[in-house]
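The values are calculated or read from the model by the stated rules, or taken from the named source; none is laboratory data. What you see is a predicted model, and the numbers here were worked out from it, not measured in a lab. Glycine gets a Cβ as well: all are built from the backbone with ideal geometry, and neighbour counts include every protein chain shown. Side chains are part of the model used for accessible areas, which takes the heavy atoms of the whole protein and leaves out ligands, DNA and RNA. Shrake-Rupley method; radii C 1.70, N 1.55, O 1.52, S 1.80 Å.
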Amino acid sequence: QVQLVESGGGLVQAGGSLRLSCAASRNIFRFTFMDWYRQAPGKQHEFVASISSGGGSTNYADFVKGRFTISRDNAKNTVYLQMNSLKPEDAAVYYCNGRPVAPWGQGTQVTVSS
């Protein structure tokens, strides 16, 4: 089975930026879409962004539109999430996955200070 490893999280001030990476152990082109999700303490898992296998189609949750950008490098089996203008409410553990769903990774923690 494919393994997904998220990285790039950390502590940033409000208004700052982070770039998350999701590295897959196998070819991600097998996934029709790759997605980013997040889960904050006490909240449900929520969709953040998705990108099609060729990268030509992207979709974003309303609360990140204009601030986050998803991209992928199929040659590196990696998906990215560029997060700009971060807000305290963006703090969460961020996860990536594909469609069909693979085993979940550990996620990467994003903390935003006000």
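Might you let me know whether region 75-84 holds any residue that is more than 18 Å from VAL110 (Cβ to Cβ) and of a type in the set (Gly, Ala, Ser)?
Taking every residue of region 75-84 in turn, at least one turns out to be more than 18 Å from VAL110 (Cβ to Cβ) and of a type in the set (Gly, Ala, Ser).
For PHE68, are the conditions met, namely being farther than 27 Å from GLN13 by Cα, surrounded by 20 or more Cβ atoms within 10 Å (Cβ to Cβ) and of a type in the set (A, V, I, L, M, F, W, C)?
No: the conditions fail for PHE68.
Scan (1) among the small types (Gly, Ala, Ser); (2) assigned to a loop (DSSP other than H, G, I, E, B); (3) at pLDDT 95 or above; (4) open to solvent by less than 40 Å² (accessible area, probe 1.4 Å) for the single condition ALA102 breaks and write down its number.
(3)
When both residues are 6+ apart or on different chains and their Cβ atoms are under 6 Å apart, which pairs have a first residue that lies in region 53-69 and is in contact (Cβ under 8 Å) with a residue 12 or more places away in the chain, and a second that is part of a loop (DSSP other than H, G, I, E, B)?
Final answer for the pair search is SER53/THR32; ARG67/ASN84; ARG67/SER85.
Just checking, how many residues over region 8-30 are crowded, with 16+ Cβ neighbours inside 10 Å, outside any loop (DSSP other than H, G, I, E, B) and not aliphatic (A, V, I, L, M)?
Taking region 8-30 and keeping what is crowded, with 16+ Cβ neighbours inside 10 Å, we get 8-9, 12, 18, 20-24, 28.
Those left that are additionally outside any loop (DSSP other than H, G, I, E, B): 12, 18, 20-24, 28.
Next cut, not aliphatic (A, V, I, L, M) only: 21-22.
Result for region 8-30: 2.
For a quick check of your reading of the model, give me the residue pairs whose first member lies in region 91-114 and is of a type in the set (D, E, K, R), whose second is at pLDDT 95 or above, with beta-carbon atoms closer than 8 Å and at least 6 apart or on different chains.
ARG99/PHE33; ARG99/MET34; ARG99/ASP35
Quick one: in region 82-99, of everything that is polar (S, T, N, Q) and under 10 Å from the mean Cα position of the chain (by Cα), which residue is most open to solvent (accessible area, probe 1.4 Å)? Before the answer, list the steps.
Residues of region 82-99 that are polar (S, T, N, Q), as a first pass: 82, 84-85, 97.
Checking which are under 10 Å from the mean Cα position of the chain (by Cα) leaves us with 82, 97.
Details: GLN82: 59, ASN97: 2 Å².
Residue satisfying both the conditions and the ranking: GLN82.
Against the definition (touching a Pro at 6+ places or on another chain (Cβ under 8 Å), under 21 Å from GLY10 (Cβ atoms) and either β-branched (Val, Ile, Thr) or surrounded by fewer than 18 Cβ atoms within 10 Å (Cβ to Cβ) (or both)), how does VAL79 come out, yes or no? Break it down into steps so the answer makes sense when it comes.
On the way: touching a Pro at 6+ places or on another chain (Cβ under 8 Å): no; under 21 Å from GLY10 (Cβ atoms): yes; either β-branched (Val, Ile, Thr) or surrounded by fewer than 18 Cβ atoms within 10 Å (Cβ to Cβ) (or both): yes.
For VAL79, the condition - touching a Pro at 6+ places or on another chain (Cβ under 8 Å), under 21 Å from GLY10 (Cβ atoms) and either β-branched (Val, Ile, Thr) or surrounded by fewer than 18 Cβ atoms within 10 Å (Cβ to Cβ) (or both) - is not met.
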